[in-house]
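Any read-out appearing in this document is the output of simple, stated calculations on the displayed coordinates, not a laboratory observation. Remember, it's a predicted structure, so these values are computed and weren't measured experimentally. When we count neighbours, we look across all protein chains shown, and the Cβ atoms used for this are built from the backbone with ideal geometry, even at glycine.
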2 protein chains.
Amino acid sequence: MKAAIIGGGVIGGGWAARFLLNGWDVALFDPDPEAERKIAEVLANARAALPAIYDRALPPEGRLSFAPSIAEAVADADWVQESVSERIDLKHKVYAEIAEALPERGFIASSTSGFKASDLAAKGAPVVVVHPFNPVYLLPLVELSGEATLRDKARPVIEAIGMYPLDLNVEIDAFIGNRLQEAVWREALWMLKDGIATTAEIDEAIRMGFGLRYAQMGLFETYRIAGGEAGMESYFAQFGPSLHWPWSKLTDVPDLDAALVKKISAQSEAQSGHRSIRELERLRDDNLVAILRGLRLSGSGAGGVVLAHEAGLPPLGERDGLPVTACRSVPVTWTDYNGHMNEAAYLELGTWATDALMQLIGADAGYVAAGKSFFTVDTRIRYLAETKRGERLEVTTQVLEGEGKKMKLFHRVYGESGALAATIETLLLHTDLTTRRACPPCAAVAQKLAALAQAHMTIPAPGAGGAVGQRN
Amino acid sequence: MKAAIIGGGVIGGGWAARFLLNGWDVALFDPDPEAERKIAEVLANARAALPAIYDRALPPEGRLSFAPSIAEAVADADWVQESVSERIDLKHKVYAEIAEALPERGFIASSTSGFKASDLAAKGAPVVVVHPFNPVYLLPLVELSGEATLRDKARPVIEAIGMYPLDLNVEIDAFIGNRLQEAVWREALWMLKDGIATTAEIDEAIRMGFGLRYAQMGLFETYRIAGGEAGMESYFAQFGPSLHWPWSKLTDVPDLDAALVKKISAQSEAQSGHRSIRELERLRDDNLVAILRGLRLSGSGAGGVVLAHEAGLPPLGERDGLPVTACRSVPVTWTDYNGHMNEAAYLELGTWATDALMQLIGADAGYVAAGKSFFTVDTRIRYLAETKRGERLEVTTQVLEGEGKKMKLFHRVYGESGALAATIETLLLHTDLTTRRACPPCAAVAQKLAALAQAHMTIPAPGAGGAVGQRN
């Protein structure tokens, strides 16, 4: 399949990447002499990101070519996506050129942010609005607006490249997403103009709060929950009057009369009524936990708040003469279809225990930043008991061996009952991060490691030293 | 430390949970006879969620008590949080009662969604706005508004319970977060009234698109990126005029004159100027990948789109006479501070390979739903070569043993160069999900497993069978 991409800016480049990574060939037309460089950069971003959200490989990447003219880009194309600047005269001019080269029964998909399909098609070209969101290669939303027969043709292609088509049966400028964003933008401009808040403060107000809810439920399902056990109706009772409160400078508001309330309640019931408020709360919380855990990785926004709070949490102690190297409850993200903690999560826990042990011997973040670390080369995990979501686990670490480049550790994972849930035996080699080769640790680290090995020598370690399946 | 929570609805209950789980004692006052049951339900949700976002244990939970009066709740409290209904007369009445019992130098933190602190404090009580977002036990944002001396007292407590205080130096109704949400609400009401979209369609337009951006960067940093290489100024050139376009029914807009443009550009520069647009794009993409991978777990919104697309991706084939049981690129969420794929991620990959092998022998989702599965009891991983972010990995699976309750597998993980990056030897026992005890598989599964074991018998498996650190 071949897609013609007309206009290679942020949006056109994103479309090109989305099609290519889903196995389509792409012919791109953009008169900008910088187009090739810009597309290459978007494509590099997309290659690092889009395949990462799937657990299976995408099809082999398609072939990218740069067409010298619109006609050559469009020839034999199965899809034509227009993403030129938001000027209707320019768009009409481009459509006339495309229309001449368009294969039979072909049509033009426009990325317009706000023009109505009927205005775009006013001069006779078969145009339908196929409006994506940036970055096009990651965000699924595509708004479809215009002639129903063209939307019917567009929908399966949008789904085939992993996107979510949202059909609009009524034509409206800026569709749904951009109308909502425009309202936020207008309100934010007032706050900036009035000196209430800065751009940074407004961004924090969004991403530390309601932005986290928008990412997984949107507006109405969130408000349904906010109403508590009484749901949407309780929400109206509490916040319906806000339309007449000075809560916004945007006061051209509709009348929230009984008919509108009834309409919204019925739609909300159809949308979410199959789940109780408690079920919705748990779904929301599971999603928020997953999002917050995801944001820990970069420390962005709410993820940074979590990391900062964690750094001040109580220190770990000792247990049975061994250092406690991890202590945490089982998050929902660690459970699987068998209704218990997944096997890989034990090793994640073991990784942190290893990190904590490294800190104890001075091989901490500063040591790693200076170019040395320990790399794991061999690990065995024995699973002894199931653990459940929310259960508090504690890990101790025994140094079995700590000489030269070698560090062999034995982690014991204890469940809430006190019983041993797993053991993890792991061999690491001290490594130079520049050469990526094994080398002896610095004297201070070697000394602390040897001291721990000495102190732990007399503690028996049943379960260590065997092969898979061997009981000992 | 003791917190007095006055009002035990959705917000008061969330505060109670946030304080309790951070080790504070909580005395709650709510005349509702259902209060105890409602708080218990919020607390159950919070216990399953808040500890899950940290990798270290929270302090031991505080003690929850239900006070028979405001005076008894407030006595000796280090923090007083008011979360009663949004009626100013009711709030004034409650404040008068609290003030009588307030410890010396104490003050009242109000959860109000919109009243100004000066209005709340109009009758003399020391009230400051400490406005959280639902669910209070998970979302970090707290807006502080009112007298500076009271905000100074409130801030460290808010930080100590893991939240993010956003200070407002100018008083304004509804603060920042609710003003922005109110604008969205007003625009959404127009769309519902005009029959443009349903509540479900509006929610999809948010959570499939810009909601995912709001969760990690907010508005202005997102628009800075949308401007492409030219940043915020390019954004204004493109979308500045939208204020005069019919993109919203909320037309009471400020004048976007040169002075306002300059102010916003300078603030955006101060906020994000230390990072290039390409760096911001990569940060955004890493965050979006983490969020989308998080949403896969529940299948909510964009996570469901990813799963649906994945189900249609090309099937896996064979390699060296063994079934290919996994094929994927290394997501950013799998990499660690050593600049390569983390040791635990190999096992996650191994888990999927095991799942794929189970599907091959008929132990699929339907089989698990019917009450039988395989549980891992022992696993050894040998790490042979480093793998990097974005690298495409392929896994084959050899059945070493497949008789009775036992299934022993040997996964080979190949890097992009074709070299072996790791081997995973794993022993599983067939298990009854009701009794949680080992039992023989059903005849069809046993037969398919035995056939694979037979077919793989002649293939050598160097690296299997040894103990940790043993070369073979």
Q: For each pair in B:LYS93/B:LYS249; B:LYS91/B:LYS249; B:LYS123/B:LYS249; B:LYS2/B:LYS116, compute the distance between the two Cα atoms and list the pairs where it is over 30 Å.
A: B:LYS93/B:LYS249; B:LYS91/B:LYS249; B:LYS123/B:LYS249
Q: Starting from the Cα of A:ARG63, move 7 Å in the Cα-to-Cβ direction to define the label point; list residues of region A:6-44 whose amide nitrogen is under 14 Å from there.
A: A:24-28
**Q.** In Hz, Karplus ³J(HN,Hα) per residue of region A:442-450 (6.51, -1.76, 1.60; θ = phi - 60°; x = Gly, Pro)
**A.** 5, 4, 4, 5, 4, 5, 5, 5, 4
Q.
Test of understanding: ordering A:TYR54, B:TYR346, B:TYR337 by Cβ neighbours within 10 Å, fewest first, what list do you get?
A. B:TYR337, A:TYR54, B:TYR346
**Q.** Rounded D (µm²/s) - region B:2-175, Kirkwood Rh over Cα pairs, Stokes-Einstein at 10 °C, 1.306 mPa s
**A.** 100 µm²/s
Q: Please average, across the residues of B:57-64, the number of beta carbons from any other chain that are within 10 Å of each residue's own beta carbon, and give a whole number.
A: 3
**Q.** Set of lysines near B:LYS408 by C-alpha distance (under 26 Å), chain-local residues within fewer than 8 positions excluded
**A.** A:LYS388, A:LYS408, B:LYS372, B:LYS448
Q.
Tell me the angle of helix A:277-296 to the major Cα principal axis of chain A, expressed in degrees between 0 and 90 and rounded to the nearest ten.
A. 70 degrees
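Counting only DSSP beta bridges with both residues in chain A, tell me the antiparallel percent, nearest 5.
In chain A, approximately 65 percent of DSSP beta bridges are antiparallel ones.
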Q) When the chain is fully extended, how far beyond the present Cα-Cα distance does A:THR434 get from A:HIS274, taking 0.36 nm per residue of separation? A) 52.0 nm
Q. In percent, how large is the relative contact order of region A:127-201, given Cα pairs closer than 8 Å and 6 or more residues apart?
A. 23 percent
(Q) Under the rule of at least 5 residues apart or a separate chain, name every residue whose amide H is placed under 5 Å from the amide H of A:GLY402. (A) A:LYS408
Q: Return the long-range amide H neighbours of B:VAL142 (sequence gap of 5 or more, or a different chain), with a cut-off of under 5 Å between placed amide H atoms.
A: B:TYR164, B:LEU166
Q. In peptide A:335-346, how many Cβ atoms from other protein chains are near each Cβ within 10 Å, on average?
A. 5
**Q.** Residues B:ASP78, A:ASP320 arranged by fewest to most Cβ contacts within 10 Å
**A.** A:ASP320, B:ASP78
(Q) Treating the point 7 Å from Cα along Cα-beta-carbon as the label, what are the nm separations from B:PRO68 to the other copies, to one decimal? (A) 9.3
Q. For chain A, what is the mean residue ellipticity at 222 nm derived from helices alone (per DSSP H run of n ≥ 4: -39500 (n - 2.57); sum divided by total residues; nearest 500 deg cm²/dmol)?
A. -12000 deg cm²/dmol
Q. Using a cut-off of 15 Å between alpha-carbon atoms, which aspartates and glutamates can reach A:LYS406, once sequence neighbours fewer than 8 places away in the same chain are excluded?
A. A:ASP378, A:GLU425, A:ASP432
**Q.** Cβ-Cβ FRET estimate between B:LYS262 and B:GLU86, R0 fixed at 45 Å, reported to 0.05
**A.** 0.75
Q) Along region B:457-465, what does the Karplus equation 6.51 cos²θ - 1.76 cosθ + 1.60 (θ = phi - 60°) give for ³J(HN,Hα), rounded to whole Hz, x for Gly and Pro? A) 4, 7, 7, x, 10, x, x, 8, x
Q.
Spelling out what I want: for every residue of region B:174-179, take phi, set θ = phi - 60°, compute 6.51 cos²θ - 1.76 cosθ + 1.60 (Karplus), and round to whole Hz; glycine and proline get x.
A. 6, 6, 9, x, 6, 5
Q) From the square roots a ≥ b ≥ c of the eigenvalues of the alpha-carbon gyration tensor of region A:286-342, which class results: rounded (a/c under 1.5), prolate (a/b over b/c), or oblate? A) oblate
Q.
Under 5 Å between amide hydrogens, which residues at least 5 positions from A:ALA326 or on another chain qualify, with H placed 1.01 Å from N in the peptide plane?
A. A:VAL395
(Q) Within 10 Å of each Cβ in B:276-289, how many Cβ atoms from other chains are there, averaged over the peptide? (A) 5
Q: Determine which residues of region B:85-111 fall in the zone a paramagnetic label at B:GLU72 would reach in this model, i.e. backbone nitrogen under 18 Å from the point 7 Å along Cα→Cβ.
A: B:97-103
